[in-house]
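Visitor: I'd like to ask some things about the structure below.
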Amino acid sequence: EEWNVSVWGKRRAFTEHVEKLAELVSEKTDGEFTMNISYGGLSKNTENLDGISIGAFEMAQFCAGYHEDKNPTITVLELPFLGVRNLEEEVAVSHMIYDHPAVQEDLARWNAKLLMTSPMPQYNIVGTGDPRSTVEDFEGMRVRATGGLGEAFRAVGAVPTSVPSNEAYNAMDSNVVDTVAFAQHAHLSFRTIDQATWWTANLNPGTVNCPIVVNMDAYEGLSDEHREALDSSVDEAIEYYVDNYQNNVLKQWDQILEEKNVTKVEFSEEELQKFREATQGIADQWIEEKSAQGIPAQELYDMVKAKLAEMHGM
Amino acid sequence: MTSIEIGLWVSGGLLVLVLLGMRVAFAAGTAGLVGLIWIFWEKKDYAWDEFSWALGVAVKTAGQVPHSKIASQELSLIPVFILIGYMAYYAGLTKALFDAAKKWLGWLPGGMAVSTVFATAGFSAVSGASVATSAVFARIAIPEMLKLGYDKRFAAGVVAAGGTLASLIPPSAILVIYAIIVEQDVGKLLLAGFIPGVFSAVVYGGLIVGLALTMPKFGPPIRGFTWGERLRSLGPAFPIFFVVLIIISFIYNPFGDPLGTPTEGGALGAALIFAMALIKGMSWSQLKDALLETAKLATMIFTIIWGVLIYVRFLGFANLPRAFSDWIQGLEQSPMVTLIMILLAYAVLGMFMDAIGMLLLTLPVVYPAVMALNGGDLVSAADSTFGMSGPMCAIWFGILVVKMAEFCLITPPIGLNCFVVAGVRPELSVQDVFRGVTPFFVADALTIAGLVAFPGIVLWLPSLA
Amino acid sequence: MAGSAAVLEDGSALSRLERALYRLEQVFGVISGLAVLALMLLAVFSVGGRHFFNAPLPGYVDWIQLAMPLIAFLGISYAQRDGGHIRMDILIGRLHGRPLWAAEFLTTLATLLLIALLIWGSWAHFGRSFDWDAPNWSRDSTIDIGLPIWPAKIIVPIAFGVMAARLVLQLWGYVRALVHGGDRPIGVPLMKSAAELAAEEAEHVSGLDR
Ligand code: NA
Ligand code: NA
């Protein structure tokens, strides 16, 4: 049994759980069940769900925000200022949502079964010029942010600009944008950190949600032994991913902030509350729109908020 | 049969289809589709009742490629870069440039041919496509050279070779394609092409002067222009410099002030020349003509892109790129020898493929191997094999490969520039043009050797940005 | 580039059909060209909006993605009509008469098969992005401002449909050429046609003497 797995870019922290999963599954089955992980060779990243639906490959990674209409239910996890603080919390809320029948039904349209998430840190922003630490400071700020996150910044008076990620460095260099919102590993690899003088350490405006899915027929066609090997490896793979991200990327991030003397902007609780209030309309609108499509949107949203409150001990 | 074997068989089949005269885009698409069907059916051990499944999956996988690969922002630079060239023609810039070049350089031995080379170099600064540049100059420069008694084949060769400058001097469609395939910064690559482009033009010019000095009845110098006439000739060509300034500014952003991205710079330059053409009285039928020509050339390029990408998608399933990279790294010879062999392989391949098809077809396989040879994507200059950092190696190799690809635009049997020149000039056959362009092979070989030996020619400008 | 002159015409049914299709292809070609123009203006608005009004065009990238298929696909049949898609004619260029038309017939047939299968595949690609019951009929949207993608995706099977019609006519033309023999069949692109090229050349050069 050999599965083709479609991911994109280069091997990096963001794909380490897939690599680990392949390794574990192969070990557990004595090399009978292997995975051939292809970085962009099998599909374009925004077409991975299509490939799964066709049956061209058996496993794939994608990000919900790339194409909201393909996966309206999962985008609940990309709403702004949900209050996710770290990767463990991101994993917990994601997997809870993936287990919901409405979400599974949504993905079943693509003949896809959700296997696990690829937890991404919050898209905190790096910026040039004077640090901005209040809602008022965001007025007129040109920020590179796409999709829902862009909407969130628009809600607080900023001007979101769509620049492709590989042009983000130049866009900052030429003041096309003042700030860029990325996860830390992307700030590092697209070198936006090299331009930055400040970073919002705790703004936590939101993130993208990028699940790993498998083709249902392929999954059901596995022998019991192979399926068991796959299922039982998920938790370990995720754990490996989170460890790796924290011990490598985030540690390197802290070092670079220090080396380059980048100001860490910490927002006060009142300021954060103002951000939440200013962007609540986006969540409300999401709920309204998705409910109209017959999705239990309110329920999904409430589940996420309740889970986070529980984890924050509130 | 292993998937790599299937990959090799299908690649051989592709070569046969191309040799049989099937259009390159559709030959590649057919090979890719057949390969996909083969790969998926092989997965089911060639069971008859699974053939329709394999066919369906393969067709749907291939059917994604045209839309999904073409709908990209970076590729949008290509039609804009082509349009800008056609608009410059209608704005009268081509003639103005040619006139200025003639007045300033005509006194040299082989003066009209040298002028043509430098006029194409100037025009290259507003034209993104070699083919379009050759087409435009075939219309204005060849008749003038023929009037002076140049050999018609050589005159055609000058224009076909001069056109290749358009792909090095920014804006350049093919550098955009390279940047997209290897995921490198478009702006820096465009910038890096500038000096090698000018360098190539100087080598061409030197070659022509040398030929004119050694061969009798080559073509007379044109003398007798006053300095006043020379200075006045710069006026009409001036907008070129302005547009160059815009495009370079957007690529380079030298003022540290907000300007924009290369995409926007190209479009802005095109808009300016468009406005000029309108002011010069371009009629609707001329505009329609320019738009149709742009659409046709862009469509042709895009068709090759998606056709070849269906084949590349198949290669992805066959896992051929990884096998190749492992093989290259396992070679027991010096990396520089390997690099030179790769460049030579491009020269051979270019005899069978057109430039864009060749780059699209090979880079997914060759680029990772070359980067690995240098020591990886992020290697520092000190630790590297070729003495340059990873990103700089990507730029250097890009310029080398694009120069090779341009070289192939003038090599038989499918040197596109030569076809275009022959297509525009009724008095010339393709064979005539290929014969006339032969001396420029030598010039290009010298240029490429220079760029390999002195990477600074390529890397100096982008290292400033 | 040879323009439209390379296809011979007469009063036959094939030629009349061929010219009717050519009119449609020309319209598609012009739309494709206008889309390039639109792309250019879009960038001007984007830059202008950002510099003069601090208001970048929302979804600039999304609009480009929707416009690109117009540019890239609509003209495919227009280019095929004139033999504009490049190929290697080192071998086929040596053939004349019936052997040439037989070779052309075969590669054109293979192209038709490819295009027919790609109509199926690209239609399926469109189908996955389209849903009668969804808002805007959309099941796939752009990343930034969530525009529905299906209008861009449906362009591909439409353009390929016209292309298939063109290929069928060309096959018909090659069959006729095989039956009648000779070097100047109607309805198919001819490799060289110096007289017509010259006529067109004259037209272009006169355009320069303004
Ligand atoms: Na150029
Ligand atoms: Na000719």
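Visitor: Hey, can you find the accessible area per residue of the protein assembly as shown for me, probe 1.4 Å, expressed in square angstrom?
Guide: Roughly 36 Å² per residue, with all protein chains present.
Visitor: Next question. For A:VAL265, what residues show an amide H to amide H distance below 5 Å, using hydrogens built from the backbone and excluding near sequence neighbours?
Guide: Those qualifying (amide H under 5 Å, at least 5 residues apart or on another chain) are A:TRP199, A:THR200, A:ALA201.
Visitor: If you line up the Cα atoms of chain B on their principal axes, what length do they span on each, largest first, in Å?
Guide: 80, 54, 52
Visitor: Please list, ordered by chain and number, the residues whose modelled amide H lies under 5 Å from the amide H of A:VAL159; skip anything fewer than 5 residues away on the same chain.
Guide: Hits under the 5 Å cutoff: A:GLY140, A:MET141, A:ARG142, A:VAL143.
Visitor: Moving on to the next point. May I ask for the angle, rounded to the nearest 10°, between helix C:194-208 and the longest principal axis of chain C, with both axes built from Cα atoms and the value confined to 0 to 90°?
Guide: 40
Visitor: Angle check, please: helix A:234-244 long axis (alpha carbons) against the longest principal axis of chain A (alpha carbons), in degrees 0 to 90, nearest 10.
Guide: 40
Visitor: Determine one quarter of the surface area of the Cα convex hull of chain A, which equals its mean projected area, and express it in nm² to one decimal.
Guide: 15.6
Visitor: Which value, in debye to the nearest 20, gives the size of the charge dipole of region A:93-246 about its Cα centre, when Lys and Arg are +1 and Asp and Glu are -1 at the Cβ?
Guide: Dipole of region A:93-246, to the nearest 20 debye: 680 debye.
Visitor: Just need the relative contact order of chain B here, percent rounded to a whole number, with Cα pairs under 8 Å and 6+ apart.
Guide: It rounds to 24 percent for chain B.
Visitor: Hey, can you rank A:209-215, B:285-291 by average C-beta count inside 10 Å, highest first?
Guide: A:209-215, B:285-291
Visitor: So, one more: Any idea what diffusion coefficient the protein assembly as shown gets from Stokes-Einstein, in µm²/s, Kirkwood Rh on alpha carbon pairs, 4 °C, 1.567 mPa s?
Guide: Taking Rh from Cα pairs, D becomes 44 µm²/s.
Visitor: Using a 1.4 angstrom probe on the protein heavy atoms only, line up B:ARG153, A:ARG132, C:ARG81, B:ARG223 by accessible area, largest first.
Guide: From most exposed to least exposed: B:ARG223, B:ARG153, A:ARG132, C:ARG81.
Visitor: Ok, one more. Taking chymotrypsin sites (Phe, Trp or Tyr not before Pro) that fall in a DSSP loop and have at most 12 other Cβ atoms within 10 Å as cut points, what is the longest piece of chain B between them?
Guide: So the longest stretch without any such site is B:256-465.
Visitor: If you average the alpha carbon positions of region A:57-106 and of region B:112-166, how far apart do those two centres end up, in angstrom?
Guide: Cα centres, region A:57-106 to region B:112-166: 57 Å.
Visitor: For the charge dipole of region B:18-78, defined by +1 on Lys and Arg C-beta atoms and -1 on Asp and Glu C-beta atoms about the Cα centroid, which residue among B:GLN64, B:THR30, B:SER76 has the Cα displaced farthest towards the positive pole?
Guide: Comparing the listed Cα positions along the dipole, B:SER76 ranks first.
Visitor: Output the residues of region C:109-130 meeting this criterion: accessible area (heavy atoms, 1.4 Å probe) in the chain alone minus accessible area with all protein chains in place is 50 Å² or greater.
Guide: Listed in order, they are C:LEU114, C:LEU117, C:LEU118, C:TRP120, C:HIS125, C:ARG128.
Visitor: With an 8 Å cut-off on Cα pairs and a minimum separation of 6 or more residues, tell me the relative contact order of region B:131-235 in percent.
Guide: Relative CO of region B:131-235 lands at 24 percent.
Visitor: Mind grabbing the interface size between B and A? I mean buried accessible area, both sides, 1.4 Å probe, in Å² to the nearest hundred.
Guide: 2200
Visitor: In addition: Run the dipole for the protein assembly as shown about the Cα centre, Lys and Arg Cβ at +1, Asp and Glu Cβ at -1, nothing else charged, and hand back the magnitude in debye, nearest 20.
Guide: My answer is approximately 5400 debye.
Visitor: Rounded to whole Å, give me the distance from the Cα center of region B:391-460 to that of region B:50-77.
Guide: 32
Visitor: Just need the relative contact order of region B:123-165 here, percent rounded to a whole number, with Cα pairs under 8 Å and 6+ apart.
Guide: Relative contact order comes out at 52 percent.
Visitor: If I ignore ligands, DNA and RNA and count only protein heavy atoms, how much of A:GLU299 is accessible to a 1.4 Å probe, in Å² to the nearest 10?
Guide: 100
Visitor: Let me ask you something else. Would you calculate the separation in nanometres between label points at C:GLU9 and A:ALA201, each defined as 7 Å from the Cα along the Cα-to-beta-carbon direction?
Guide: Placing both labels 7 Å beyond Cα along the Cβ direction yields 7.6 nm.
Visitor: What does the convex hull of the Cα atoms of region B:74-296 come to per residue, in Å³, rounded to a whole number?
Guide: It is 128 Å³ per residue.
Visitor: I would also like to ask the following. Could you name the aspartates and glutamates whose alpha carbon sits less than 19 Å from that of A:LYS260, not counting residues in the same chain fewer than 8 places away?
Guide: Counting by Cα, and skipping residues close in sequence, A:LYS260 has these aspartates and glutamates nearby: A:ASP130, A:ASP173, A:ASP178, A:ASP194.
Visitor: Keeping the other protein chains in place, figure out the carbon and sulfur percent of the accessible area of the protein assembly as shown, with a 1.4 Å probe.
Guide: Exposed carbon and sulfur together represent 61 percent of the surface.
Visitor: A further question follows. Would you mind giving the total buried accessible surface between chains B and C, with a 1.4 Å probe and ligands, DNA and RNA left out, rounded to the nearest 100 Å²?
Guide: 6700
Visitor: A:ASN247 to B:THR2: FRET efficiency via 1/(1 + (r/R0)^6), r the Cβ-Cβ distance, R0 30 Å, to the nearest 0.05?
Guide: 0.20
Visitor: Let me ask you something else. Would you pull out the residues with amide H under 5 Å of C:SER138's amide H, same chain only if 5 or more places away, H placed 1.01 Å from N?
Guide: When sequence neighbours closer than 5 places are left aside, the close amide H contacts are C:ASP131.
Visitor: In degrees, nearest 10, range 0 to 90: what is the angle between the Cα axis of helix A:297-311 and the longest Cα principal axis of chain A?
Guide: Here the helix axis deviates by roughly 80 degrees.
Visitor: Still on this structure, I have one more. Taking Rh as the Kirkwood radius computed over C-alpha pairs, what is the Stokes-Einstein D of region B:1-132 at 37 °C in a medium of viscosity 0.692 mPa s, expressed in µm² per second?
Guide: Translational diffusion coefficient: 173 µm²/s.
Visitor: Continuing with this model, one more query. Which cysteines in the protein assembly as shown lack any other cysteine whose Cβ sits under 4.7 Å from their own Cβ?
Guide: Unpaired cysteines in the protein assembly as shown: B:CYS393, B:CYS408, B:CYS418.
Visitor: Along the charge dipole of region C:101-198, Cβ charges K/R +1 and D/E -1, which of C:LEU147, C:LEU118, C:ALA134 sits furthest on the positive end?
Guide: Farthest towards the positive end: C:LEU118.
Visitor: Distance between the C-alpha centers of region A:245-281 and region C:27-48? Whole Å please.
Guide: Centre-to-centre distance over Cα atoms comes out at 41 Å.
The values are calculated or read from the model by the stated rules, or taken from the named source; none is laboratory data. For clarity, every value in this text was computed on a predicted model and none was experimentally measured. Cβ: placed from backbone, ideal geometry, glycine included. Neighbour counts: every protein chain shown. Areas reflect the complete protein model, heavy atoms only, side chains present, ligands, DNA and RNA absent. Shrake-Rupley method; radii C 1.70, N 1.55, O 1.52, S 1.80 Å.
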